[in-house]
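**Student:** Dumping the structure here so I can ask a few things about it.
Each reported figure results from applying straightforward, stated rules to the coordinates on display, with no laboratory input. Predicted model, so just to flag it, every value in this text is computed and none were measured. Here the Cβ positions follow ideal geometry from the backbone for every residue, glycine too, while neighbour counts run over all protein chains shown.
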Amino acid sequence: MCTPGTRFLCLILLLATSLAPAAAQQAQEADMLRLLVTADEYKEAWFSDALLQQLNPSQFQQQLNQLLSDIGELEFIDGDDGEYSIFFEEAVVSSTIVLDERGQITTIWFRPPSPRANSFDDLLGQLRELPGETALLVLTDGERVAEHNADAPFSVASAFKLAVLAAAVEALDAGELDRSDVVYLEEQDLTLPSGIMQEWPVETAVTVDTLMVQMMSMSDNTATDALMRILGRDRVHAFASEALPVVPTTREIFTLLGPDARDLADEWAGAESRQEYLALLDRTADREMGRIRDFTGGEIRSDVGWIFSASELAALAGQVAGNPTAGVTQGAATGAGWSDVVYKDGYVPGVAAEVVHGRSNDGRTYTIVLLWNREDEDVDVLALYGLIQSAVRLTE
């Protein structure tokens, strides 16, 4: 719970979001954040009437000034869709902001500053301070320049979708699929968010291109499962980690982690052979898939999911680089001026993954992977995102 004396400010009111076009909205949000962190005096006109009932602008400014003390001058603001990283000389501050149709603030949230890394050694030091298990891999033109647990297996959540994309690219290159091919959603494809396609009716006609774009842009789980069905589990498995005997669909994982299959999840954690894993996945067909509320504040099971090492994810990013779908979302590379970008993240309770790859203006190719697993508590996904943004800036 937030109190006036804490250094963690959170004021979240889920009200109307801006209807402005995305680019204009991004500029408006960034400009407002710039005002909040640099202005000598706040104006009530910046805040919606509803938010003014929850905060006093002068007191809020005092709290924010305390939060931002001793981290240097503002350098730049990076982000979009209401989620931003504010870079100061000594630290990065993550912020959430929502503006209404009049440009007034309805939601504002600042997280505590994360020290800004001035070298990959600094970055590694910050990563090692995180509770739980972490991994780092930085490649420059394919050569390792920084690493920590880079070859150890980690649960990576949706970052596994790089393997699905790699399998799809292989099928496209072989002429076995075409981006314009039309397929039809099946009942077995429909799963839980992230994404929107779980709301689409069975037998909806979609192209392979739509599935690939939805998977990478929105991390759409239904699009992912449909692609896996079309490609075949074995083809996707060819791009999987050595530590993952079989690649489950998102629906299968949501079933394993749901309340109707806890016994299967326990068996999954102790399975040793591909045959055992496949048999368990077959048994999920008779169990009910979990619901969204089952995964909110519940048990953390980083031992049930998709397992990859940082080096394996880096290799996948390199394989799909140059494919237009791979960089449909720039993520941590936003504003870096990179080309041939590949970006994929992943998060479930206790698990966070960040993967970014691209070619900088100097012609060098960079790949950065950060992984974080905890068994006792949830991970701070925004903290990991701040670290990978710092890593990208170190390449400039």
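**Student:** How far, in nm, would the chain grow between Arg144 and Asp376 when pulled straight, counting 0.36 nm per residue and subtracting the alpha carbon separation?
**Tutor:** Going from the current span to full extension adds 80.4 nm.
**Student:** Counting other Cβ atoms within 10 Å, keep those with at most 15, restrict to DSSP loop, and tell me which trypsin sites (Lys or Arg not before Pro) in the range 52-131 are left.
**Tutor:** Hits after loop and neighbour filter: Arg102.
**Student:** Report, in debye and to the nearest 20, how large the dipole of the range 9-115 comes out about its Cα centre when Lys and Arg carry +1 and Asp and Glu carry -1 on their Cβ.
**Tutor:** 300
**Student:** While we're looking at this one, here's another question. On C-alpha positions alone, give me the angle between the axis of helix 221-231 and the longest principal axis of the chain, in degrees, nearest 10.
**Tutor:** Rounded to the nearest ten degrees, it is 30.
**Student:** Next question. Sequence gap at least 6, Cα distance under 8 Å: using those rules, report the relative contact order of the chain to the nearest whole percent.
**Tutor:** Dividing the mean separation by the residue count of the chain yields 17 percent.
**Student:** State, as an integer percentage, the relative contact order of the range 106-192 based on alpha-carbon contacts under 8 Å between residues 6 or more apart.
**Tutor:** 13
**Student:** Still on this structure, I have one more. Going by how many other beta carbons lie within 10 Å of each one, how would you line up Trp46, Trp372, Trp200, fewest first?
**Tutor:** Least to most surrounded, the residues fall as Trp200, Trp46, Trp372.
**Student:** Would you mind putting 236-242, 140-146, 327-333, 276-282 in packing order, based on average other-beta-carbon counts within 10 Å, highest first?
**Tutor:** 327-333, 236-242, 276-282, 140-146
**Student:** Write out the trypsin sites (Lys or Arg not before Pro) in the range 304-371 meeting two conditions: DSSP loop, and at most 15 other Cβ atoms within 10 Å of their Cβ.
**Tutor:** Qualifying residues, ordered by number: Arg364.
**Student:** Can I ask one more? Which three extents, in angstrom, do the Cα atoms of the range 178-295 have along their principal axes, listed largest first?
**Tutor:** Largest first, the range 178-295 extends 41, 33, 22 Å along its Cα principal axes.
**Student:** Can I ask one more? Once the dipole of the range 178-295 is set up with Lys and Arg at +1 and Asp and Glu at -1 on Cβ about the Cα centre, which of Ile230, Leu278, Met218 lies farthest towards its positive end?
**Tutor:** Value: Met218.
**Student:** While we're on this one: Taking the chain as the reference, fit the longest principal axis to its C-alpha atoms, fit the long axis of helix 381-394 to the helix C-alpha atoms, and give the angle between the two in degrees, 0 to 90, nearest 10.
**Tutor:** In the chain, helix 381-394 runs at an angle near 80 degrees to the longest axis.
**Student:** Could you grab the relative contact order for the range 148-268? Cα pairs under 8 Å, six or more apart, rounded to a whole percent.
**Tutor:** That works out to 26 percent.
**Student:** Counting other beta carbons within 10 Å of each Cβ, put Thr325, Thr250, Thr191 in order, fewest first.
**Tutor:** With the fewest neighbours first, Thr325, Thr250, Thr191 line up as Thr325, Thr191, Thr250.
**Student:** Can you tally the net charge around Glu73? Count Lys and Arg as +1, Asp and Glu as -1, for every other residue whose Cβ sits under 15 Å from the Cβ of Glu73.
**Tutor:** -3
**Student:** Please list, ordered by chain and number, the residues whose modelled amide H lies under 5 Å from the amide H of Ala150; skip anything fewer than 5 residues away on the same chain.
**Tutor:** Leu136
**Student:** Based on the mean of other Cβ atoms within 10 Å per residue, sort peptides 80-88, 376-384 so the most packed one is first.
**Tutor:** By packing density, highest mean first, the sequence is 80-88, 376-384.
**Student:** How much length, in nm to one decimal, is gained on full extension between Asp151 and Ala205, taken as 0.36 nm per residue of separation minus their Cα-Cα distance?
**Tutor:** Using 0.36 nm per residue and subtracting the Cα-Cα distance, I get 15.4 nm.
**Student:** Just to check I understand the Karplus step: with θ = phi - 60° and J = 6.51 cos²θ - 1.76 cosθ + 1.60, what whole-Hz values come out for the range 285-294, glycine and proline as x?
**Tutor:** Working through the residues one at a time gives 4, 9, 10, 7, 5, x, 10, 3, 5, 5 Hz.
**Student:** Another one. Please compute the net charge surrounding Gln198, taking Lys and Arg as +1 and Asp and Glu as -1 over other residues with Cβ under 14 Å from its Cβ.
**Tutor:** With Lys, Arg at +1 and Asp, Glu at -1, the net is -4.
**Student:** Match the structure shown to one of the listed values [x] 25, 51, 23, 0; [y] 21, 37, 22, 16, 4, 0; [z] 26, 56, 18, 0 of P(r) over Cα pairs in 20 Å bins from 0, in percent, computed from it, and give that label.
**Tutor:** The listed entry that was calculated here is [z].
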